[in-house]
Structure formats: structure tokens, C-alpha cells
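For reference, the structure is listed below as C-alpha cells.
The values are calculated or read from the model by the stated rules, or taken from the named source; none is laboratory data. What you see is a predicted model, and the numbers here were worked out from it, not measured in a lab. When we count neighbours, we look across all protein chains shown, and the Cβ atoms used for this are built from the backbone with ideal geometry, even at glycine.
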Amino acid sequence: MKKFKVSVATLSVGVGMMLMTSCIGSFGLFNKVANWNRAATNNKWLNELIFLCLHIVPVYEVAYFVDAVLFNSIEFWTGSSPIANVDAVIKGEKGEYHVKSTSNGYHVDVLGSNASVDFLFDEATKTWTMSENGNQTKLVQFVDDNNAKFYFGDSEMTVNMANTQNLLAIR
């Protein structure tokens, strides 16, 4: 009986840790299902029918539950989502871009041209840089939990992330 109580207590603590992390997370699985549904066909009515079917079957509900309980908890405790890899074509005002995750950031190709850019994160210095044609440009460095240093060409600005008035000054 004592062994059963210890097992139940251990299971309860484990479930509690998973459910009480206060992690909203990126909901990567749910968003992948939703993005697939949006682009499944070129017909909005057919996409709506697929959307309804995915709710009846309950694909959306299962994806949301798995994200909320499992993947977002993993993301909270490890700092990275197990399914956060990006491989998508994005339509912008000035063209289309192919964005793909790399081991330390993102690679972006401008479709219809030979232009590309890499956004790289250096874990040691907590710095995001942009690499284009062999030239690297610092974008932002996270100094600590409250401060970030933004780079604008030759100038830089340290921003206290808790103080939103400084964020408005950037604009």
C-alpha cells in the first residue's frame, strides 16, 4: 500500500509540474495544423469544410491538448520547442521569401532572385546577427533578463525591456 501511495504522489507531482508551468508556449503543433488547413486548397469554402472536418474528427482539439500539456511544457523547461522548425514560404509586400530554420537561427531566400540572408543567434553572447554576402551585422544582444542592446549601424541603444517608454523611443 505504501508503494502505491508513493507512486501516486510521484505521478501527481509530475503531472502538476507539467500542468502548472505558467507557460503559454508557441503552440507549434496546433499552428502547423492551422497553417496547413489555411493553405490546403485555393478555395476558401473547401478549406472551411476541411476545418469543420478537422474539428469533428478532433484533430484541432488533440493538437491543442498535446501542445498545452506536452510540447509547451518541454519548451518551458528546455527553452526550445521540439517542433519549432520553420520551413515556409512567406508572401510580403515586396515579394516572396523562403524561410527555413537552421541549427542556430534562420536562412531566408528571396524567391525569384539569388539574394539570401541568414539570421544567426550566438548562445554564448546572446546576440542575434544578420549575415549577408559574408558581412555580419549585429542586430540585438540580450544583456540580461531585463535589458537588451539594439544596434543601428554605428549607433546602439540599451533598452530596459520592463520600461515600454524606451521601446516607443526606438520608433
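Restricting attention to the range 115-125, which residues are closer than 23 Å to F142 by Cα and exposed (fewer than 14 other Cβ atoms within 10 Å of the Cβ)? Listed by number, the residues that qualify are D122, E123, A124, T125. Summed over the range 73-104, the residues that are more than 27 Å from A40 (Cβ to Cβ) and at pLDDT below 80 give a count of 8. Within the range 159-171, does at least one residue satisfy the condition of being modelled with pLDDT under 85 and part of a strand (DSSP E or B)? Yes, because at least one residue in the range 159-171 is modelled with pLDDT under 85 and part of a strand (DSSP E or B).
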